[in-house]
1. Go through (1) open to solvent by less than 20 Å² (accessible area, probe 1.4 Å); (2) more than 16 Å from ligand 2 (Cβ to nearest atom) for Asp138 and report which single condition fails.
2. Would you mind finding the one in Lys121, Lys136, Lys170, Lys128 that is over 15 Å from the mean Cα position of the chain (by Cα) and more than 16 Å from ligand 1 (Cβ to nearest atom)?
3. Looking only at segment 158-167, count every residue that is more than 16 Å from ligand 1 (Cβ to nearest atom), open to solvent by less than 10 Å² (accessible area, probe 1.4 Å) and in contact with a strand residue (DSSP E or B) (Cβ under 9 Å, 6 or more places away or on another chain) and tell me the total.
4. Got at least one residue in segment 146-169 being in contact with a Pro (Cβ under 9 Å, 6 or more places away or on another chain) and more than 16 Å from ligand 2 (Cβ to nearest atom)?
5. What tally of residues in segment 196-231 results from selecting those that are in contact with a helix residue (DSSP H, G or I) (Cβ under 7 Å, 6 or more places away or on another chain), under 30 Å from Lys170 (Cβ atoms) and open to solvent by 50 Å² or more (accessible area, probe 1.4 Å)?
6. I'm trying to understand the selection: among the residues of segment 139-157, which are among the small types (Gly, Ala, Ser) and outside any loop (DSSP other than H, G, I, E, B)?
7. Pull up segment 142-156, narrow it to residues that are surrounded by 22 or more Cβ atoms within 10 Å (Cβ to Cβ) and closer than 20 Å to Ile49 by Cβ, then point me to the one that is farthest from ligand 1 (Cβ to nearest atom).
Amino acid sequence: MMLIPTHHFRGIERKPEYLQPEKCIPPPHSRPAGTMWFIRDGCGIACAIVTWFLVLYAEFVVLFVMLIPSRDYVYSVINGLVFNLLAFLALASHCRAMLTDPGAVPKGNATKEFIESLQLKPGQAVYKCPKCCSIKPDRAHHCSVCKRCIRKMDHHCPWVNNCVGENNQKYFVLFTMYIALISLHALIMVGFHFLHCFEEDWTKCSSFSPPTTVILLILLCFEGLLFLIFTSVMFGTQVHSICTDETGIERLQRKNQRRQRRGSWKSVKETFGGAFSLHWFNPFSGPSHPKPLSDRDWVRQVSSVSDTENTETTTEEPSEERKDLDSAEVVDE
Ligand SMILES: [Zn+2]
Ligand SMILES: [Zn+2]
């Protein structure tokens, strides 16, 4: 049975001129090393601010409605420490996920000199992103929000105002995990607080009036439940992606079935940075240093191309790329 591919067919062009590499020049002001990565996207910035606001709201209710007025000193101190530590780690992971370069491919590197320097052999091709004028390594995808090609892009997350890719997936996974944990912790504390207030006099169980206390607690309950469900599903999906070494985009496209996947443990170690240790849970410890791309990483094998006598085979990516689902595969019959 012949499978009909759903994505675009693309021709394999023999002439490098097809790519118009002379039009690709590196940007005059390339980002100097060490510059902070930050996506200027209004929607993403608003979502990131809302995320911080919601965590700070939970912090306020937990501290000023439940823990500080409580007369059980040990209960308050232990829960206060645990909740604040988890909230701090969640916000730190959020910052790291937002401000870390997810693995952007250098812009404008699809120059004639660069393509020629790769010395393509028969059956090999390079893929060019027409939007960034860059050669896309395997598993890189263009993000229309970041306006860059991102290595091993999973998806663009407005909540962290950044793409989730090779270099920041660890921080994103930690962010979802810590948010799920503080949501669960807040829900448990709300449950205990309600029980305690029903048994005692309502006027004594909070420094706010009973109606205000109930409204604040119900809002926290709603927020905690919503975020617990959302972030645990996201956490599960991310862990599954890492273990199967398949990004969200690849899962949607099922395009990497022909790609040899690495062992799940190797993929997990690469994402979290080395052998299992407490560093895995530390948003301040980075994953293993991203490997600089070698010439081999830019070139892809197009073994199915029947006529490959020409030594310079270059293809162009389709001009219509979507934010999270682009067709980056040479289609063969
Ligand atoms: Zn691109
Ligand atoms: Zn993006």
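The values are calculated or read from the model by the stated rules, or taken from the named source; none is laboratory data. Predicted, not measured: the structure shown is a model, and the values here were computed from it. A quick note on method: Cβ atoms are made from the backbone with ideal geometry, for glycine too, and the neighbour counts reach across all protein chains shown. The protein model used for the area step is the full one, side chains on, heavy atoms only, and it has no ligands, DNA or RNA in it. Shrake-Rupley method; radii C 1.70, N 1.55, O 1.52, S 1.80 Å.
1. (1)
2. Details: Lys136 fails: more than 16 Å from ligand 1 (Cβ to nearest atom); Lys170 fails: over 15 Å from the mean Cα position of the chain (by Cα); Lys128 fails: more than 16 Å from ligand 1 (Cβ to nearest atom).
Residue meeting the stated conditions: Lys121.
3. The initial filter retains those residues of segment 158-167 that are more than 16 Å from ligand 1 (Cβ to nearest atom), namely 158-161, 164, 167.
Cutting the leftovers down to open to solvent by less than 10 Å² (accessible area, probe 1.4 Å) gives us 160-161, 164.
Within this subset, residues satisfying the condition of being in contact with a strand residue (DSSP E or B) (Cβ under 9 Å, 6 or more places away or on another chain) are 164.
Total satisfying the criteria: 1.
4. The answer is no, given that none of the residues of segment 146-169 is in contact with a Pro (Cβ under 9 Å, 6 or more places away or on another chain) and more than 16 Å from ligand 2 (Cβ to nearest atom).
5. 1
6. Within segment 139-157, just Ala140 meets the criteria.
7. Step by step, filter segment 142-156, then rank; the result is His156.
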